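As structure tokens, the structure follows; a few thoughts come after it.
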Amino acid sequence: MNWRRRTMYIRKEISKTEAVKYFTDKNDEYKLDLLGGLSDGEITFYTQGEFTDLCRGPHIPNTGMIKAVKLTNIAGAYWKGDEKNKQLTRVYGVTFPSQKELDEHLAMLEEAKKRDHRKLGKELSIYTMDDDVGPGLILWMPNGTIIIEELEKLAKETELDAGYKRVVTPHIAKESMYITSGHLPYYAESMFPPMEMDGEKYYLKAMNCPHHHKIFAAEPKSYRDMPYRIAEYGTCYRYEQSGELFGLMRVRCLHMNDAHIYCTKEQFAQEFKAVNDMYLKYFKIFGIDKYVMRLSLHDPEKLGQKYVNEPELWLETEELVRNVLIETGVPFVEVKGEGAFYGPKIDVQIWSAIGREFTLATNQVDFAQGRRFKLEFTTQDNTTDTPLIIHRAPLGTHERFIGFLLEHYAGKLPVWLSPVQVKVLPISDKYIDYAKQVSLKLKKADIRAEVDERNEKIGKKIRDTELLRVPYMLVIGEKEMTEGMVAVRRQGKGDTGTQTVDEFIHAISGEITERHDN
RNA sequence: GCCACUUUAGCUCAGCUGGUAGAGCAACUGAUUUGUAAUCAGUAGGUCGUUGGUUCGAUUCCGACAAGUGGCUCCA
């Protein structure tokens, strides 16, 4: 197509008979397939020069308006987005009204790549993967492990405050439990194949809920025990298809910020709302604002296949969840066919640096598993009832959450999450002893500090430390040593003047315990 | 899993049409003793993802497998 020459795009409404004839003559099975789903009055053709095609439009008036084009990538795509269909080749491209805007767009994409968690994860020694370990299996390096432990600390504090109790469960379970839970028929293809021991099949757990249900069931419960909230950073294994794996965002072994709340129908709305509030509290800590809350509903056409066949319960609980969202005042979108098999949910959707969409956190209703596991509690009038269950993971999984945080902060983690919080930089080796004293004092105040003892110039030490995104650098030379001070440099902000060690410890400790968001 | 592409030193990458490999940074050694984003010199480091094939000869050409990447499908 020569788009530098100005040709008009001509729109023409056409009858179905005529359209079918046109594409039959051209022997175009795909357009004929599309026409099958269209009727008279909604069929339009567009013609540009000698090229005519079926298209709903709209189009720009003429090719002269196209100023800058770049073909970006090429990929296979299933016809009509269904993997049962044949795969066609799709060519992707972008166009802008001017070359300048195109260049800006491309520069923006380059910038985005710099904050890709896979690049940062390597640069900052957060995690690694290894062929001998396997695809999608993350090895958390010491730096990444510090982040994990800080997140778990936050979760424990928050959950303790919210009345949760902590539990620990094994990584495997017998087949019978997943038949009870319904995961096996509904979820089998996402689970690792079973291993056999003593004539029994064992599965790696793909989720923690069944194990937690067993804890609920272990002792009799009464309405006085409700709501019963149990939490665990549970390790799950999911057999994601090889092509779906993506850095930390999509892996095969994941650590979920999981918890289950067993409650009565009367308690449900309040409990569900409390979970939602917990999300918002967390998002405030991390300064997360670019997300979309998605109310994920069932698809009535797939009842009994993808979704448990309880049409009234679906509608009832969906209404409850919708009300919580409306009450909270958080904007949300509703999407049919995204619910879990056991109930509707609220998903928090975020986008990776390269623009891929992920569910970061999830808050789910479950009206099915309570019955499947025959969970019950004694009511006030001495009858029994089945609890409603809330599955929630506000911090998602360590893998996805840390992947997200790396991109969100462009590697510049807030001080409380930084693997190294302070780097002490002696100007020459004459000051190493004093630097070590300072570092020791910081460590005693629970601050993660290191000394750069390398025989390098201060400029080099600063540069390397800046690149590692260590939030605070303490430059130490003759002046600081004799006066018992430190020269404080904040990552990305430069020299901020001198302080006594105690002043510095006081300031940074506050920043850490209050979890300042940079 | 499907379509396409990629895989060379710890990292980032060179290596025209086949003749067993280079750079910068990092590492190590030495010199230098440094004041807010890279001091200098030297040394070491690779059966070129794995495995078959073609060839006198393969990092280079072809196939299979693996991992990664861009999408599709799927998902926390």
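Can we say A:ASP464 is at positive phi and either open to solvent by 30 Å² or more (accessible area, probe 1.4 Å) or assigned to a loop (DSSP other than H, G, I, E, B) (or both)?
Criteria not met by A:ASP464.
Given the criteria open to solvent by 50 Å² or more (accessible area, probe 1.4 Å), assigned to a loop (DSSP other than H, G, I, E, B) and modelled with pLDDT under 95, does A:VAL168 qualify?
On the way: open to solvent by 50 Å² or more (accessible area, probe 1.4 Å): yes; assigned to a loop (DSSP other than H, G, I, E, B): yes; modelled with pLDDT under 95: no.
No, not satisfied.
(1) open to solvent by less than 30 Å² (accessible area, probe 1.4 Å); (2) in contact (Cβ under 8 Å) with a residue 24 or more places away in the chain; (3) over 30 Å from A:PHE283 (Cα atoms): which one isn't true of A:LEU442, the others all being true?
(3)
Being within 23 Å of the chain's Cα centre (by Cα) and of a type outside the set (Val, Ile, Thr) narrows it down to one residue among A:TYR127, A:TYR178; which is it?
On inspection, the qualifying residue turns out to be A:TYR127.
Looking at the structure I just gave you, is A:GLN349 open to solvent by 20 Å² or more (accessible area, probe 1.4 Å), touching a residue at least 40 places away in the same chain (Cβ under 8 Å) and either touching a Cys at 6+ places or on another chain (Cβ under 8 Å) or not charged (D, E, K, R) (or both)?
It is false that A:GLN349 is open to solvent by 20 Å² or more (accessible area, probe 1.4 Å), touching a residue at least 40 places away in the same chain (Cβ under 8 Å) and either touching a Cys at 6+ places or on another chain (Cβ under 8 Å) or not charged (D, E, K, R) (or both).
If you go through segment A:481-518, how many residues are part of a helix (DSSP H, G or I) and under 20 Å from A:GLY411 (Cα atoms)? Working first, answer last.
Narrowing segment A:481-518 to residues part of a helix (DSSP H, G or I): A:481-483, A:501-513.
Imposing the further condition that a residue be under 20 Å from A:GLY411 (Cα atoms) reduces the set to A:508, A:511-512.
Selection size over segment A:481-518: 3.
Restricting to segment A:414-456, count the residues that are within 15 Å of RNA strand B (Cβ to nearest atom) and among the aliphatic types (A, V, I, L, M).
Qualifying residue count for the region: 8.
Can you pull out every residue in segment A:204-221 that is part of a loop (DSSP other than H, G, I, E, B) and open to solvent by 20 Å² or more (accessible area, probe 1.4 Å)?
A:GLU219, A:PRO220
I'm trying to understand the selection: among the residues of segment A:15-66, which are more than 19 Å from A:LYS80 (Cβ to Cβ), part of a helix (DSSP H, G or I) and touching a residue at least 40 places away in the same chain (Cβ under 8 Å)?
Listed by number, the residues that qualify are A:THR63, A:GLY64.
Hey, among the residues in segment A:245-289 that are farther than 23 Å from A:PRO210 by Cα, of a type in the set (D, E, K, R) and assigned to a helix (DSSP H, G or I), which one's farthest from RNA strand B (Cβ to nearest atom)?
Here the answer is A:GLU266.
Being hydrophobic (A, V, I, L, M, F, W, C) and over 23 Å from A:VAL415 (Cα atoms) is the filter here, so list the residues in segment A:430-480 that pass it.
Matches in segment A:430-480: A:ILE432 only.
So which residues in segment A:222-239 are within 13 Å of RNA strand B (Cβ to nearest atom) and surrounded by fewer than 16 Cβ atoms within 10 Å (Cβ to Cβ)?
Scanning segment A:222-239 gives a single hit, A:TYR239.
From the list A:ALA77, A:ALA162, A:ALA155, A:ALA112, pick out the single residue that is open to solvent by less than 70 Å² (accessible area, probe 1.4 Å), in contact with a helix residue (DSSP H, G or I) (Cβ under 7 Å, 6 or more places away or on another chain) and either assigned by TED's automatic domain parsing to the domain that holds A:LEU254 or touching a residue at least 12 places away in the same chain (Cβ under 8 Å) (or both).
Only one candidate qualifies: A:ALA162.
When residues of segment A:92-109 are filtered for being exposed (fewer than 13 other Cβ atoms within 10 Å of the Cβ), more than 10 Å from RNA strand B (Cβ to nearest atom) and assigned to a strand (DSSP E or B), how many remain?
Residues of segment A:92-109 exposed (fewer than 13 other Cβ atoms within 10 Å of the Cβ): A:92-93, A:97-100, A:104, A:107-108.
Still in the running and more than 10 Å from RNA strand B (Cβ to nearest atom): A:93, A:97-100, A:104, A:107-108.
Applying the additional criterion that residues be assigned to a strand (DSSP E or B) yields A:93.
Final tally of qualifying residues: 1.
If you go through segment A:203-212 one residue at a time, do you hit one that is over 24 Å from A:VAL308 (Cα atoms), touching a residue at least 12 places away in the same chain (Cβ under 8 Å) and of a type in the set (Ser, Thr, Tyr)? Quick ask: steps written out before the conclusion?
From segment A:203-212, those over 24 Å from A:VAL308 (Cα atoms) are none; that's our starting set.
No - not one qualifying residue is present in segment A:203-212.
What residue, among those in segment A:336-378 that are of a type in the set (A, V, I, L, M), closer than 30 Å to A:ARG118 by Cα and outside any strand (DSSP E or B), is nearest to RNA strand B (Cβ to nearest atom)? I'd like the intermediate steps shown before the answer.
First pass over segment A:336-378, keeping only residues of a type in the set (A, V, I, L, M): A:340, A:346, A:348, A:350, A:353-354, A:360-361, A:365, A:368, A:375.
Those left that are additionally closer than 30 Å to A:ARG118 by Cα: A:340, A:346, A:348, A:350, A:353-354, A:360-361.
Restricting the remaining residues to those that are outside any strand (DSSP E or B) gives A:353-354.
Numbers: A:ALA353: 9, A:ILE354: 5 Å.
Looking at residues that are of a type in the set (A, V, I, L, M), closer than 30 Å to A:ARG118 by Cα and outside any strand (DSSP E or B), I get A:ILE354.
The values are calculated or read from the model by the stated rules, or taken from the named source; none is laboratory data. Keep in mind it's a predicted model, so treat the numbers as computed, not measured. Cβ: placed from backbone, ideal geometry, glycine included. Neighbour counts: every protein chain shown. The area values use the complete protein model at the heavy-atom level, side chains included, leaving out ligands, DNA and RNA. Shrake-Rupley method; radii C 1.70, N 1.55, O 1.52, S 1.80 Å.
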